[in-house]
1. Taking the stretch 30-42, which residues are outside any loop (DSSP other than H, G, I, E, B) and surrounded by 15 or more Cβ atoms within 10 Å (Cβ to Cβ)?
2. When only residues in the stretch 75-99 that are more than 14 Å from ligand 2 (Cβ to nearest atom) and in a helix (DSSP H, G or I) count, which is surrounded by the fewest Cβ atoms within 10 Å (Cβ to Cβ)?
3. Restricting to the stretch 51-74, what's the tally of residues that are open to solvent by less than 40 Å² (accessible area, probe 1.4 Å) and either more than 10 Å from ligand 2 (Cβ to nearest atom) or without any contact (Cβ under 8 Å) to a residue 40 or more places away in the chain (or both)?
4. Hey, residue 241 hits all of (1) of a type in the set (Val, Ile, Thr); (2) modelled with pLDDT under 95; (3) open to solvent by less than 30 Å² (accessible area, probe 1.4 Å) but one; which does it fall short on?
5. Please specify each residue of the stretch 179-196 satisfying the condition of being exposed (fewer than 15 other Cβ atoms within 10 Å of the Cβ) and either in contact with a strand residue (DSSP E or B) (Cβ under 6 Å, 6 or more places away or on another chain) or not small (Gly, Ala, Ser) (or both).
6. Of the residues 12, 19, 49, 88, only one is of a type in the set (A, V, I, L, M), away from ligand 1 (no atom under 16 Å from the Cβ) and modelled with pLDDT of 95 or more; which?
7. Enumerate the pairs (first residue in the stretch 28-50 and at positive phi; second residue anywhere and more than 9 Å from ligand 1 (Cβ to nearest atom) and in a loop (DSSP other than H, G, I, E, B)) with beta-carbon separation below 8 Å, excluding pairs fewer than 6 apart on the same chain, so at least 6 apart or on different chains.
8. If residue 187 satisfies every condition in (1) over 27 Å from residue 37 (Cα atoms); (2) part of a strand (DSSP E or B) but one, which is the exception?
Amino acid sequence: MIGRLGRPVLHLGRRLFDLVLPPRCKKCGALVTDDDGLCAECWSNLTFLGLPWCACCGLPFDYDVGVDAVCGACVAAPPVFSTARSALAYDDASRELILRFKHGGDETLSRLFARWMMLAGEGLMEEPSLIVPVPLHPWRRIRRRFNQSALLAADLARLTGLQSDPLSLIRVKRTPSQGGLGKAARKVNVQGAFTIDPDRRTRIAGQSILLIDDVWTSGATAEACIRACRKAGSGPVSLLTVARVL
Ligand SMILES: [Zn+2]
Ligand SMILES: [Zn+2]
């Protein structure tokens, strides 16, 4: 999208490259016409989230109850985020793509996800806001070589023109993987795991923040991140993820 006009030479190079290696579906490898895309079948297997949904957390509703309607969970316990949105339901189809991105580091998948997130998160990107990715502990980042949320944040920043700040929010506690833990255990696991770098508090103070993560499972990680931002004096924090466990 953005930047394509500014990179005609690169684009031409890519076209020539495509003559040799035509674009393929990111999921199944079938030939496709568009770069960074999926074939029609893989596309139709994904569950994209959209209206009607909870005005607060983006939980899809079975039928339209008005754009301002809020789900029972958000009424019972108002979340720490101001708004949350996810592009996809986390199911077999999206899991395979996300795991490939997470463990394979396919940057073209990041661009694809960021485009979907931008659509799902329409209205969350109003300025002034800062895009902040959920950080990995430095040791885990070294092992994985990159932070998938930071890649998404960078692509979203490119698409929206907003600033991404992958440095201010840091993970200070090395927590075991959240996989296999129940909701309560996940919450305990990430308690005190995040903070704002004391040298960068001024970057966060007063800013409305868009927190980025790949998958929203129990919400415990996002909640711990949001509490760290708020403690450092941030404005409201919204959450935008590629997928959400429903
Ligand atoms: Zn496919
Ligand atoms: Zn809700």
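The values are calculated or read from the model by the stated rules, or taken from the named source; none is laboratory data. The shown structure was predicted, so the numbers you read here are calculated from the model rather than taken from an experiment. Reconstructed Cβ throughout: ideal geometry from the backbone, glycine too, with neighbour counts over all protein chains shown. Calculation scope for accessible area: heavy atoms of the full protein, side chains included, ligands and nucleic acids excluded. Shrake-Rupley method; radii C 1.70, N 1.55, O 1.52, S 1.80 Å.
1. Passing the criteria: only 42.
2. 92
3. 10
4. Status for residue 241: all satisfied but (2).
5. Correct list: 183, 188, 191.
6. 49
7. Listed by first residue and then by second, the contacts come to 36/23.
8. Going through the list (1) over 27 Å from residue 37 (Cα atoms); (2) part of a strand (DSSP E or B), residue 187 breaks only (2).
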